[in-house]
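Enquirer: One structure follows; several queries about it will come next.
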Amino acid sequence: MSYLEEAREYEERMERKIAAKERPLYHLTARTGWLNDPNGFSFYGGRYHLFYQYNPYSTHWDRMHWGEWSSPDLIHWSFERAAMAPDEAYESGCFSGSAALDREGNPVFMYTAHRIIPDGREEIVRETQCIARLIERELVKEEGNPVISEEGLPEGFSLSDFRDPKIWREGEYFYSVLSSRFEDGLGAVLLYRSSDLLHWDFVKLLKKNDGRFGRMWECPDFFRLDDHSVLFVSAMAMKALSPELRNGFCSLAFLGKDLGGEPDLREEKVQALDLGFDFYAPQTMLSPDGRRILIAWMQAPESGNLAPEGAGWYGQMCFPRELSIRDGRLFQSPIREISSLYGESTELDLCADSERSVPELYGRTMDLSLELRAEREGFCELRLCFAKKGNIFTSLSYRPAEGRLILDRRAAGRAASICEYREVLLPKREKEASLRLLLDRFSFEIFLNGGESVLSGTLYDCPAEAGELTIFAKGARIRAVKHEIESGILRENF
Ligand code: FRU
């Protein structure tokens, strides 16, 4: 049996052991086992396709396969069979990659073949770039693989850290951005170009880490949006630069004015993509109606070894987000299709000058919006506790006029000691502010002020019955709209 057949046989068997209620209601997980980065996010054959870094065999990272879901609408997803396994001599793992449509409109995939070569007592790692095409519903690796290896790498860059191609087609050419590590130990994004997908020329260094943004960079993405060029990187081992550019594994967006012509980045601004606890390796795609849509691995890589005991899966994707740029800042909001998941809705006006429980807003799977209007300019404070039961809760305290926000999940039920507390500074707001909470069984995503800032976090080990919500709003009136989320991922056995 091939590695791929083995994985397919295994996932089919193990998936049945995971009850629907043990999974998130509307966030994606691996069919079974471990998931990390989103890969090959694309639309073809009338459906969206989203692949993912996948180890079906355990809830830990290991020999990377690609798993797959597909969806007609980015909301209702079906698990497809495992899509790729590391079965070629040039790879020990199929690492992250992406998809584009070729000139005939067929999907083509570019990914990193990660190879470990034993060398006496040591191991040498080689990362090269490969192409796969969709032939009769199977991802078939090109005979000419790898298509970029040592010879294609500019001087001073490392073949052992050379990965995560993001490809797209523009005019006559296919382009790809790739991350690599320069000899000074710092990451960089390299731009490549090809006209036939098999021969790739190095065009230029798109951006180099100047030492402020961690060490190696991973999972670059480049796109044009609202007259800007945008580059994403996921920085490893960042030291804190500011409350926004925090330490750890941190995904960043560099934004500059788009001057047209060959892909380029005249950087004006840098922004952390998510200020919460769990967000890494985002990948975007252009939807058929022209929206730039992001999806990311909703997990801090640092918590990779902390799968809950006995779990059949570990790792989730964030809910897909639409991107836009306003006043030079990247905004993210949940894709509008979320409304197709809404069940019962509740609207109410609230005045909560002492902490109070709001039974109308109870629940664990909902899309909740709070509009805050300050009674006096510059004076208002919101404190919200959600996913609460007794001493278990996650809390948020927000003072819009100071731009100060504290997110605290220390009491959310987890025994493991990972980052549980963040204090961040946001753009200040004098009169009104808004907060939107997407709550699911194993996560929350908080969008502030129309998606100007986002904070995401997982909620493992937080009991399903923890659904109480309390509010304290000093100096503000609140308009709350709650949509219950009732249905979720489409699957025969869900
Ligand atoms: C990011 C990453 C990528 C790599 C993949 C391997 O999370 O380390 O750089 O391709 O995961 O699973």
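Enquirer: Would it be correct to say that LEU330 is of a type in the set (A, V, I, L, M, F, W, C) and part of a loop (DSSP other than H, G, I, E, B)?
Expert: Taking the combined requirement at face value, the residue does not satisfy it.
Enquirer: Quick one: how many residues across the range 68-96 are within 14 Å of the ligand (Cβ to nearest atom), in contact with a Ser or Thr (Cβ under 6 Å, 6 or more places away or on another chain) and under 19 Å from PRO107 (Cα atoms)?
Expert: Residues in the range 68-96 being within 14 Å of the ligand (Cβ to nearest atom), in contact with a Ser or Thr (Cβ under 6 Å, 6 or more places away or on another chain) and under 19 Å from PRO107 (Cα atoms): 1 in total.
Enquirer: Now, a different point. Check the range 286-293 and report whether any residue there is more than 29 Å from ARG47 (Cα to Cα) and assigned by TED's automatic domain parsing to the domain that holds GLY46.
Expert: First, the residues of the range 286-293 that are more than 29 Å from ARG47 (Cα to Cα): none.
No: the range 286-293 contains no residue that is more than 29 Å from ARG47 (Cα to Cα) and assigned by TED's automatic domain parsing to the domain that holds GLY46.
Enquirer: When the range 259-289 is examined, which residues are found to be in a loop (DSSP other than H, G, I, E, B), among the charged types (D, E, K, R) and at pLDDT below 95?
Expert: Correct list: GLU262, ARG266.
Enquirer: Select from the range 179-235 the residues that are within 16 Å of the ligand (Cβ to nearest atom) and acidic (Asp, Glu) and write down the one among them that is surrounded by the fewest Cβ atoms within 10 Å (Cβ to Cβ).
Expert: Among residues in the range 179-235 that are within 16 Å of the ligand (Cβ to nearest atom) and acidic (Asp, Glu), the one surrounded by the fewest Cβ atoms within 10 Å (Cβ to Cβ) is GLU218.
Enquirer: A follow-up question, please. Given ARG404, ARG383, ARG326, which one is closer than 30 Å to SER71 by Cβ, modelled with pLDDT of 95 or more and basic (Lys, Arg)?
Expert: ARG326
Enquirer: For residues in the range 342-355 being more than 34 Å from the chain's Cα centre (by Cα) and of a type outside the set (S, T, N, Q), which is farthest from ILE485 (Cα to Cα)?
Expert: Taking the candidates together, the pick is ASP353.
Enquirer: Please specify each residue of the range 148-172 satisfying the condition of being away from the ligand (no atom under 16 Å from the Cβ) and closer than 24 Å to PRO282 by Cα.
Expert: Across the range 148-172, the qualifying residues are TRP168, ARG169, GLU170.
Enquirer: Turning to a different aspect of this structure: Does GLU127 fit the bill of being in the same structural domain as GLY260 (by TED's automatic domain parsing) and surrounded by fewer than 19 Cβ atoms within 10 Å (Cβ to Cβ)?
Expert: No.
Enquirer: So which pairs qualify, if the first residue must be in the range 87-108 and under 26 Å from TRP217 (Cα atoms), the second must be within 16 Å of the ligand (Cβ to nearest atom) and basic (Lys, Arg), the Cβ gap must be under 6 Å, and the two must be at least 6 apart or on different chains?
Expert: Taking only residues 6 or more apart or on different chains, the pairs are TYR90/ARG115; GLU91/ARG115; SER92/ARG115; GLY93/ARG63; PHE95/ARG163; SER98/LYS166.
Enquirer: I'd like the full set of residues that are over 21 Å from ARG16 (Cα atoms), within 14 Å of the ligand (Cβ to nearest atom) and touching a Ser or Thr at 6+ places or on another chain (Cβ under 9 Å), limited to the range 44-67.
Expert: If the condition is that a residue be over 21 Å from ARG16 (Cα atoms), within 14 Å of the ligand (Cβ to nearest atom) and touching a Ser or Thr at 6+ places or on another chain (Cβ under 9 Å), then ARG63, MET64 are the ones that fit.
Enquirer: Now for a different question. List the pairs whose first member sits in the range 47-66 and is closer than 21 Å to SER303 by Cβ, whose second member is away from the ligand (no atom under 14 Å from the Cβ) and in a loop (DSSP other than H, G, I, E, B), and whose Cβ atoms are under 6 Å apart, counting only residues at least 6 apart or on separate chains?
Expert: Short answer, once both residue conditions are applied: PRO56/THR32; THR59/ALA307; THR59/ALA311.
Enquirer: Being away from the ligand (no atom under 13 Å from the Cβ) and either touching a residue at least 40 places away in the same chain (Cβ under 8 Å) or touching a helix residue (DSSP H, G or I) at 6+ places or on another chain (Cβ under 9 Å) (or both) is the filter here, so list the residues in the range 109-120 that pass it.
Expert: PHE109
The values are calculated or read from the model by the stated rules, or taken from the named source; none is laboratory data. Note that the structure is a prediction, hence the values are computed from the model and not measured. Neighbour counts run over all protein chains shown; Cβ positions are idealised from the backbone, glycine included.
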